[in-house]
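The values are calculated or read from the model by the stated rules, or taken from the named source; none is laboratory data. All values reported here derive from a predicted model rather than from experimental measurement. Please note: Cβ atoms are built from the backbone with ideal geometry, for glycine as well, and neighbour counts cover all protein chains shown. Keep in mind that these areas ignore ligands, DNA and RNA; they rest on the heavy atoms of the full protein, side chains included. Shrake-Rupley method; radii C 1.70, N 1.55, O 1.52, S 1.80 Å.
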Amino acid sequence: MKQLIPILIIFLFVSTGAAGQNRITKNTLRLAKDIKGEPANVTDMGWMNGEWEGNALGGSVKEVWTVTDGGVMMGMFILVKENKPSFYEFMTFSIENGQLFLKLKHFTPDLVGWEDKDKTVDFRFIKRDRDRYYFHGLTFEKKGANGLNLYLALTKDGTSFNEEVFRLRRSGSIK
């Protein structure tokens, strides 16, 4: 899974070269650095509060989101392959400079961070279109009360992109 970190880092530094937003993959968008996304708040993502599970990245995944004090929503993620943790993520939805962001950090099974200690992988909110919430390179799609699709644009070379799909269903008791 350490292969993913260079992919994500390369993706984050790719410049669109054009003003505004455009499509990266079938289900993801990018937004030029000098353009702001539509107004949004952390509460707009409140429907994700709870436990989610499914399959992606060649294993089983679990994600937990909780609304916390201070206007921030906190999440945790685990990928399990062959009955062993492959990696973890710690995530937040927060407002920075008036914009909604999803920020995350990756960790090995031994809790060693992938990113430098003062760095995060950031996904800037672009827009909402019905039940789709578009962030730069990542889309959350609400599928009824108990379904969630995540679409993540990944690249190895900065020019061609692959879309990874996470199909999750609500589990547990938090809603």
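Given the options Leu138, Leu111, name the one that is at pLDDT 95 or above, open to solvent by less than 60 Å² (accessible area, probe 1.4 Å) and out of contact with any helix residue (DSSP H, G or I) (no Cβ under 8 Å at 6 or more places or on another chain). Don't jump to the end; show me each part of the working.
Values: Leu111 fails: open to solvent by less than 60 Å² (accessible area, probe 1.4 Å).
From the options Leu138, Leu111, the qualifying one is Leu138.
Mind listing whichever residues of the range 141-175 are assigned to a strand (DSSP E or B) and among the basic types (Lys, Arg)?
Across the range 141-175, the qualifying residues are Lys142, Lys143, Arg167, Arg169, Arg170.
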### Task
Determine, yes or no, whether Leu104 is surrounded by fewer than 17 Cβ atoms within 10 Å (Cβ to Cβ), aliphatic (A, V, I, L, M) and over 19 Å from Arg167 (Cα atoms).
no
### the range 45-73 - residue that is surrounded by 15 or more Cβ atoms within 10 Å (Cβ to Cβ) and among the acidic types (Asp, Glu) and, of those, nearest to the chain's Cα centre (by Cα)
Glu63
### Message
Here is a check on your reading of the model: is Leu168 closer than 13 Å to Trp52 by Cα and not charged (D, E, K, R)?
### Response
yes
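Would you say Glu82 is acidic (Asp, Glu) and open to solvent by 70 Å² or more (accessible area, probe 1.4 Å)? Don't jump to the end; show me each part of the working.
Details: acidic (Asp, Glu): yes; open to solvent by 70 Å² or more (accessible area, probe 1.4 Å): yes.
The answer is yes for Glu82.
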### Message
With the requirement that a residue be in a strand (DSSP E or B), of a type in the set (S, T, N, Q) and more than 13 Å from the chain's Cα centre (by Cα), what does the range 25-44 give you?
### Response
Thr25
### Query
Restricting the range 149-175 to residues that are in contact with a helix residue (DSSP H, G or I) (Cβ under 7 Å, 6 or more places away or on another chain) and open to solvent by less than 30 Å² (accessible area, probe 1.4 Å), which is modelled with the highest pLDDT?
Ala153
